[in-house]
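Shown next, in structure tokens, is the structure this report addresses.
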Amino acid sequence: MRLEILSILLFAYSIASAQEFKADVSYKYMYSNQWDKTIQTYNFSRPFLKENQPLLMNGLNTSVSYIFKNEKNLKHGINLSYSYFRSAAENENFNNTLNLHFVNIGYILLYENTEKWKGLYSELIISATSSGLFRNINGEPFEYDETKSKAFGIGGDILLKFGYYLKLKNKSFLSPFLSIGYTPYLYSTNSEAVINQTKGLTSKNWTGILTTQIGLNFKIRKQTK
């Protein structure tokens, strides 16, 4: 209970002390060598399936950010983001779906110089990342060794974002952006078992992940006195 109260107080403080509030939505592309290898092995070992299992590569991302009060060009803040990827293959009497979720919480360094590059900005976000991979067959959770098939992961992520602000009205802005991210190490021991019902046969118990995003950001800047 004390931890929950402390989290609420910290969250409320971050909103109260924020100079900017930002929310964005984007298309996200992901490349994971280990997970791709496992899915490809799954397809190779099941030639009787007409439709192959797609790779976990196309997804959606949404995030919110709070930038703290600072009149300098280099600002800092906090970021919370969620990503979702889905891989579905429909075969006769056998519909196999993989659902992959990511939640990141991180620290932002925002740089914008309105005198030299009006409207342009860049962000560096360093995050702790967690993942959850789940498998459904014919709309129901798949069970493996008498337990629901799931795999959780934890790691770190670094992301570099570039965007351009378009002023709407008052203190609100719309910004198209492009970003590239890298997770050097995501520890997830049960991913192979979820995807291919094997363990240690096709992949390691961790993976590196490379991502790119393209999307839109909405920003509200507080009126400064």
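The values are calculated or read from the model by the stated rules, or taken from the named source; none is laboratory data. The shown structure was predicted, so the numbers you read here are calculated from the model rather than taken from an experiment. Here Cβ is always computed from backbone atoms with ideal geometry, including for glycine, and neighbour counts include all displayed protein chains. Surface accessibility is based on the protein's heavy atoms, side chains included, excluding ligands, DNA and RNA. Shrake-Rupley method; radii C 1.70, N 1.55, O 1.52, S 1.80 Å.
Here TYR31 and GLU51 are evaluated by their C-beta separation; at R0 = 22 Å the FRET efficiency comes out at 0.50. For LYS150, the lysines whose Cα comes closer than 27 Å to its Cα, not counting residues fewer than 8 places off in the same chain, are LYS28, LYS37, LYS50, LYS199, LYS204. Distance between the modelled labels on LYS171 and ARG221, one decimal in nanometres: 1.0 nm (7 Å Cα→Cβ projection). The slack in the chain from LYS199 to PHE152, taken as 0.36 nm per residue of separation less the alpha-carbon distance, amounts to 15.5 nm. Computed over region 109-172, relative contact order equals 38 percent, with contacts defined as Cα pairs under 8 Å that lie 6+ residues apart. Computed from Cα atoms, the angle from the helix 33-44 axis to the main principal axis of the chain rounds to 30 degrees. What do you get for the angle between helix 2-16 and the principal long axis of the chain? Use alpha-carbon atoms, 0 to 90 degrees, nearest ten. Orientation of helix 2-16: about 50 degrees from the principal axis. For the chain, adding -39500 (n - 2.57) for each run of n ≥ 4 DSSP H residues and dividing by the number of residues yields -4500 deg cm²/dmol at 222 nm.
Packing order of peptides 178-190, 110-122, highest average first: 178-190, 110-122 (average count of other Cβ atoms within 10 Å over each peptide's residues).
For the chain, the relative contact order works out to 21 percent when only alpha carbon pairs closer than 8 Å and six or more residues apart are counted.
Please find the FRET efficiency linking GLU140 to PHE162, where r is the Cβ-Cβ separation and R0 is fixed at 41 Å, and quote it to the nearest 0.05. It comes to 0.45.
Measuring nothing but protein heavy atoms, the accessible surface of region 60-178 at 1.4 Å probe radius is 59 percent carbon and sulfur. Length available on full extension from LEU120 to ASN91: 0.36 nm per residue minus the Cα-Cα distance, which gives 5.7 nm.
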